[in-house]
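This report refers to the structure that appears directly beneath it.
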Amino acid sequence: MISSFFSKAKPVHFVIVSSIVLLVFVVAKLHFLEAPFSLNLLGKQLGLFLICLTSLFVLDFFVSRNNLTKKNSYKLLIFSLFIAILPESILSSKILLANLFVLLAFRRLISLRSKKAIKKKLFDAAFWIGIAALFYFWAILFYILIIAGLILYSILGIKNWIVPLIGLITVGIIWTSYMILANYDIVQYFNALIDISFDFSQWNSKRLILGITLILSYGIWALFYMLKDLGSRSKKSRPSYILIVVGAMVGLFIIAVAPNKNGSEFLFLFAPMAIIITNYLETLSEKWFKEVLIIGLIVAPLVALML
């Protein structure tokens, strides 16, 4: 049974999940990439695939280290299956990089629960979010997580609220300095940086509609149960779960305002949703229902190929 196989965290699971991502990555690039083959192109795509694997590793690391789920590999499986359902999510190199830096910021914010090295963690989180925003502007909205973290973990003191701003300003100064030295038109850059769209016509395909509907259905259903179960969580762990929920809400908002709605914007939603759905699967006592949910995610990409 698939659910039983992934119910305990094992090294082989990372190999299997990495293989799934590799297969989806290769198929997606062969289908969507139009550039002629070259060694430079091969090197770039290899680098992007390594970014995908690093994102998986970072997700597994901070979730396991902070006990956001039990010791299983459901989160990795779900994350990889989401990519298989929406392969468009890994087509944008900028969003892949932005998402990796957002995950690094998540890692630092979740670790605030220990109340150790608070200022360093706040600076790091803001710094990573600032870098993410350089690749994809709307990633800046994940700064809301820092504010939420300060409130949820009851971190007081004006200095603690100023430190994240310094982290963002540091990124801004470094990037502006680089642009000046490289003779970029700074005004034109910032004018083109902020773009927004509520045109969802690009999603008007059976395959995309199926994938988006399935992911949102699983996520919303699991989120409902997670919020319902939040009161039973320990007082120490509760803020971390709320932070994951806030991250999912920010991801949904980015999807709504994304200027180019081609499916790649959903990548920001995958990590928090994978954690939320994993927590839901852990509460299920009916093994057959857990199995059906996982099989549904496995079958969906195959069905999508026939649409």
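Key figures for this structure:
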| read-out | value |
| --- | --- |
| Karplus-derived HN-Hα couplings along the stretch 146-155 (A = 6.51, B = -1.76, C = 1.60, θ = phi - 60°), whole Hz, x at Gly and Pro | 5, 4, 4, x, 4, 6, 5, 8, 6, 8 |
| Cα gyration tensor shape of the stretch 242-307, rounded if a/c is under 1.5, else prolate or oblate by comparing a/b with b/c | oblate |
| Whole-number percent relative contact order across the stretch 1-109, with pairs defined as alpha carbons under 8 Å at least 6 apart | 44 |
| Computed Rg/Rh of the stretch 103-243, alpha carbon atoms with Kirkwood Rh | 1.06 |
| Where the Cα pairs of the stretch 177-221 fall when distances are cut into 5 Å bins, in % | 5, 15, 14, 12, 10, 8, 9, 11, 12, 4, 0 |
| Loop-located chymotrypsin sites (Phe, Trp or Tyr not before Pro) in the stretch 156-218, at most 11 other Cβ atoms within 10 Å (DSSP) | Phe198 |
| Residue order, fewest to most surrounding Cβ atoms within 10 angstrom, among Asp185, Asp124 | Asp185, Asp124 |
| Rh (Kirkwood; distinct C-alpha pairs) - the chain, Å | 20.2 |
| Given charges at beta-carbon only (K, R positive; D, E negative), |dipole| of the stretch 110-262 in Debye | 980 |
| Three semi-axes of the equivalent ellipsoid, the stretch 134-205, Cα gyration tensor, whole Å, largest first | 28, 24, 7 |
| Highest-fluctuation residue, Ser111, Ser234, Ser80 considered, GNM on the chain with Cα pairs under 10 Å | Ser234 |
| Where GluC sites (Glu not before Pro) fall in DSSP loop in the stretch 239-307, at most 11 other Cβ within 10 Å | Glu286 |
| Relative contact order of the chain, pairs being alpha-carbon contacts under 8 Å that are 6 or more residues apart, as % | 25 |
| Karplus-derived HN-Hα couplings along the stretch 93-108 (A = 6.51, B = -1.76, C = 1.60, θ = phi - 60°), whole Hz, x at Gly and Pro | 5, 5, 6, 4, 5, 4, 5, 4, 5, 5, 5, 5, 5, 3, 4, 6 |
| Candidates Ile16, Ile146, Ile244: whichever shows maximal mean-square fluctuation once the chain is modelled as a Gaussian network with Cα springs under 10 Å | Ile16 |
| Convex hull per residue volume in Å³, alpha carbons only, for the stretch 1-155 | 127 |
| The chain: most fluctuating residue of Ala133, Ala117, Ala182 per GNM, C-alpha cutoff 10 Å | Ala182 |
| Helical contribution to [θ] at 222 nm, DSSP H n ≥ 4, -39,500 (n - 2.57), averaged over the chain, rounded to 500 | -24500 deg cm²/dmol |
| Per residue convex hull volume, Cα atoms of the stretch 227-273, in Å³ | 64 |
| 14 Å tail of the calculated P(r), the stretch 68-150, as % of Cα pairs | 67 |
| Inverse of mean 1/r across different Cα pairs in the stretch 1-79, Kirkwood, Å | 14.0 |
| Among Leu227, Ser264, Ile295 - extreme Cα towards positive end, dipole of the stretch 191-307, charges at beta-carbon | Leu227 |
| Simple Cβ-charge dipole of the chain, Lys/Arg +1 and Asp/Glu -1, about Cα centre, in debye nearest 20 | 1440 |
| Cβ-based exposure ranking for Phe135, Phe62, in which fewest neighbours within 10 Å come first | Phe135, Phe62 |
| Exposure rule at most 15 other beta-carbon atoms within 10 Å, DSSP loop trypsin sites (Lys or Arg not before Pro): the chain longest free segment | 117-232 |
| Percent RCO, i.e. relative contact order, over the stretch 152-307, from Cα pairs under 8 Å lying at least 6 residues apart | 30 |
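The numbers here are math on the coordinates, done by the rules we state, and not lab data. Values in this document were obtained by computation on a predicted structure and should not be read as measured data. Every residue, glycine among them, receives a Cβ derived from its backbone with ideal geometry; neighbour counts consider all protein chains shown.
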